[in-house]
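The block underneath contains the structure these notes are about, expressed in structure tokens.
The values are calculated or read from the model by the stated rules, or taken from the named source; none is laboratory data. Everything numeric in this text was worked out from a predicted model, so none of it was measured. Please note: Cβ atoms are built from the backbone with ideal geometry, for glycine as well, and neighbour counts cover all protein chains shown.
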Amino acid sequence: MPKANNKQARIEPIYEADDLNLNVIGWNVIDETEPENEVVVSEHTSKKEAVQAAEEFEQRES
């Protein structure tokens, strides 16, 4: 019986501190399939790219 594809990813902003401000300078896609072993799988310059990459990651075969 084939194993179910249960990959789970989320995106998180990458911040850069600038005096009193926190600026978002990019986005990480994080594999949270195994919550005790989360891994950054890619970095992106836009939120849109990160969302697309996270969706593609979740669809990929194990």
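Would you say Ile25 is in contact with a Gly (Cβ under 7 Å, 6 or more places away or on another chain) and either modelled with pLDDT of 95 or more or not aromatic (Phe, Trp, Tyr) (or both)? I'd like the intermediate steps shown before the answer.
Values: in contact with a Gly (Cβ under 7 Å, 6 or more places away or on another chain): no; either modelled with pLDDT of 95 or more or not aromatic (Phe, Trp, Tyr) (or both): yes.
In short, no.
Only residues in the stretch 20-34 that are closer than 15 Å to Glu56 by Cα count as the first member; pair them with residues that are modelled with pLDDT under 95 and not hydroxyl-bearing (Ser, Thr, Tyr), Cβ under 6 angstrom, at least 6 apart or cross-chain, and list the lot.
These pairs meet every condition: Thr33/Lys7.
So which residues in the stretch 42-62 are in contact with a helix residue (DSSP H, G or I) (Cβ under 6 Å, 6 or more places away or on another chain) and closer than 20 Å to Asn6 by Cβ, if there are any at all?
Quick first cut of the stretch 42-62, residues in contact with a helix residue (DSSP H, G or I) (Cβ under 6 Å, 6 or more places away or on another chain) only: 42, 44.
Ser42 - this is the single residue of the stretch 42-62 that is in contact with a helix residue (DSSP H, G or I) (Cβ under 6 Å, 6 or more places away or on another chain) and closer than 20 Å to Asn6 by Cβ.
Quick one: in the stretch 1-22, which of the residues that are outside any strand (DSSP E or B) and closer than 23 Å to Ala50 by Cα is modelled with the highest pLDDT? Don't jump to the end; show me each part of the working.
Step one: filter the stretch 1-22 for residues outside any strand (DSSP E or B), giving 1-8, 19-20.
Filter once more, so that each one left must be closer than 23 Å to Ala50 by Cα: 5-8.
Working: Asn5: 65, Asn6: 87, Lys7: 93, Gln8: 96.
Ranking the candidates gives Gln8 first.
Tell me which residues, restricted to the stretch 1-52, are under 9 Å from the mean Cα position of the chain (by Cα) and of a type in the set (S, T, N, Q).
If the condition is that a residue be under 9 Å from the mean Cα position of the chain (by Cα) and of a type in the set (S, T, N, Q), then Asn28, Ser42 are the ones that fit.
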